[in-house]
1. Do you know which residues across the range A:37-92 are farther than 20 Å from residue A:19 by Cβ, in contact (Cβ under 8 Å) with a residue 40 or more places away in the chain and among the polar types (S, T, N, Q)?
2. Go through (1) modelled with pLDDT under 95; (2) in contact with a Phe, Trp or Tyr (Cβ under 7 Å, 6 or more places away or on another chain) one by one and return the number of the condition residue A:245 breaks.
3. Counting only residues that are surrounded by 15 or more Cβ atoms within 10 Å (Cβ to Cβ) and of a type in the set (S, T, N, Q), which one in the range A:224-244 is nearest to residue A:265 (Cα to Cα)?
4. Criterion first (closer than 26 Å to residue B:248 by Cβ, touching an Asp or Glu at 6+ places or on another chain (Cβ under 6 Å) and surrounded by 17 or more Cβ atoms within 10 Å (Cβ to Cβ)) does residue B:184 satisfy it?
5. Of everything in the range A:169-183, what is away from chain B (no Cβ under 14 Å) and in contact (Cβ under 8 Å) with a residue 24 or more places away in the chain? Give them in sequence order.
6. In the range A:26-78, which residues are out of contact with any strand residue (DSSP E or B) (no Cβ under 9 Å at 6 or more places or on another chain), more than 21 Å from residue A:1 (Cβ to Cβ) and part of a loop (DSSP other than H, G, I, E, B)?
7. So which residues in the range B:138-168 are closer than 18 Å to residue B:42 by Cβ, in a helix (DSSP H, G or I) and facing chain A (nearest Cβ under 7 Å)?
Protein chains: 2
Amino acid sequence: MEKNRPIGIFDSGVGGLTVAKAIAELLPAESFIYFGDTRHAPYGDKSSHTIREYSQRISRFLVAQNCKAIVIACNSASAAAYQQLCADFPNIPIINVIDPAVKYIAQSEASKVGIIATRATVRSKVYAQRISAANQNLTVVQKATPLLAPLIEEGFAGTDVSKGALAHYLNHSSLKKLSDLILGCTHYPLLEEEIAAFLGPKVRVLNSAKLAAQALQGVLAWQDLLSTSVDAGKRRFYVSEKTPAFTKIAKMFFGQEIRLEEKFLKS
Amino acid sequence: MEKNRPIGIFDSGVGGLTVAKAIAELLPAESFIYFGDTRHAPYGDKSSHTIREYSQRISRFLVAQNCKAIVIACNSASAAAYQQLCADFPNIPIINVIDPAVKYIAQSEASKVGIIATRATVRSKVYAQRISAANQNLTVVQKATPLLAPLIEEGFAGTDVSKGALAHYLNHSSLKKLSDLILGCTHYPLLEEEIAAFLGPKVRVLNSAKLAAQALQGVLAWQDLLSTSVDAGKRRFYVSEKTPAFTKIAKMFFGQEIRLEEKFLKS
């Protein structure tokens, strides 16, 4: 049945599983196919042209698997490939992981918005430019926090290591008196509670994975594509290169044991 | 004058500056040319074939600059390209960053040797295999410590962050009762004192950057190539891609302000 087709979700690696997790929690009846391009991770260091090519290749695979929507669960691919994929697949809703957070901020009571992200995302200025374009009255500050992603991958979330790194980064003078902080990397939801506790109740912490899941729900409802199944959705997890390290990290990011299947996509 | 020609030193990035620093401290009269292939860093994820090509290209540049010796200040290139460079440049002494530590261990009173390194170096097993080949009676254990390099680059050496990460890694059961621990990554000398303090006086901590400098001194003395200059050596620092982040990290690794020059090498 048309509505019960899976959702396609992709990322350069396994970080996008935080988006898959948010989707599984918000839309438990939806089936999905996740593709993590671990062979080419991270995308952050690659050219926009290369990221577009990889994203097109993965999206063709997901569409060939009969996906009814595509979620770009990767900041670099969201910045570099979203327009291209919309042009390539005009009949399928495509959600990226940046615009839902931008839209939320632009319509909220925000005054000063901070973005923490990898060095590549900060360099791209994608959040800052889109937020300023949507609402010129907002102050927007970016801060690269490059240790957070490897720290999370190494299992140091919730330890003295994450506490020390967060204190160092979040005490930066540029991040004083924030109204909102966007977690601009798919890894960071694993530090959401620690970050919120550190910043206190006056700062709203925006989890872009959850906001992307909500945006997906909205567009599926609007296009009458929400699953009608009464059972839990079926989920498959592909990676372009499978290693024990990815399996371990995948479990941490999705919050439960999952089986990764290796899948090589031809160019 | 023949003896006063520079030494060529190269690495995939700026981590090899710890080796350059050790050379500058041990052999202050020597001039050197450092080349950090930041455009292609890190080498750890690349194939041996690719690492050899990059290493050959850089070595041709260094030899064209009239270098009297080449130091491979990079674990990945030492493992993948040393034999090739020895064949390519039979008339120039070539030092890698692995064998001096292996030789030291094989001739010492070691009983159980630990190696901490990046995931790529651990996967290559290069230290473990060479140490076992040199002395079959030694117990050799490897432990990947992937957070240490980014942690050092981000300036967290000597903080609660490094303390927490080191405690986690070094308390691993496989590293109990070591006689020696090899710092198998060019970044790790910046944590040498912390690691030595953590492990206590019973464990010898081997800094492979310092051992490589000593090996260089030995071969230059043996070939009668030590500088006869009474002045401090001249030093130049090239990188294939220059960014503000590299400049900052370079200062930290070399221990003093240095001027990086961008140099693109054609293939």
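1. A:66 - this is the single residue of the range A:37-92 that is farther than 20 Å from residue A:19 by Cβ, in contact (Cβ under 8 Å) with a residue 40 or more places away in the chain and among the polar types (S, T, N, Q).
2. For residue A:245, the failing item is (2).
3. Among those residues, the one meeting the criterion is A:240.
4. Spelling it out, it is not the case that residue B:184 is closer than 26 Å to residue B:248 by Cβ, touching an Asp or Glu at 6+ places or on another chain (Cβ under 6 Å) and surrounded by 17 or more Cβ atoms within 10 Å (Cβ to Cβ).
5. Correct list: A:174, A:175, A:177, A:178, A:179, A:180, A:181, A:182, A:183.
6. Within the range A:26-78, A:42, A:46, A:47 meet the criteria.
7. Matches in the range B:138-168: B:150, B:151.
Per-residue answers, yes or no, for (1) of a type in the set (A, V, I, L, M, F, W, C); (2) out of contact with any His (no Cβ under 8 Å at 6 or more places or on another chain); (3) not assigned by TED's automatic domain parsing to the domain that holds residue A:126:
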position: A:214; (1), (2), (3): no, yes, yes
position: A:226; (1), (2), (3): yes, yes, yes
position: A:238; (1), (2), (3): no, yes, yes
position: A:249; (1), (2), (3): yes, yes, yes
position: A:253; (1), (2), (3): yes, no, yes
position: A:257; (1), (2), (3): no, yes, yes
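The values are calculated or read from the model by the stated rules, or taken from the named source; none is laboratory data. Since the structure is predicted, the reported quantities are computational estimates derived from the model, not experimental observations. FYI the Cβ positions are ideal-geometry reconstructions off the backbone, even for glycines, and counts take in every protein chain you see.
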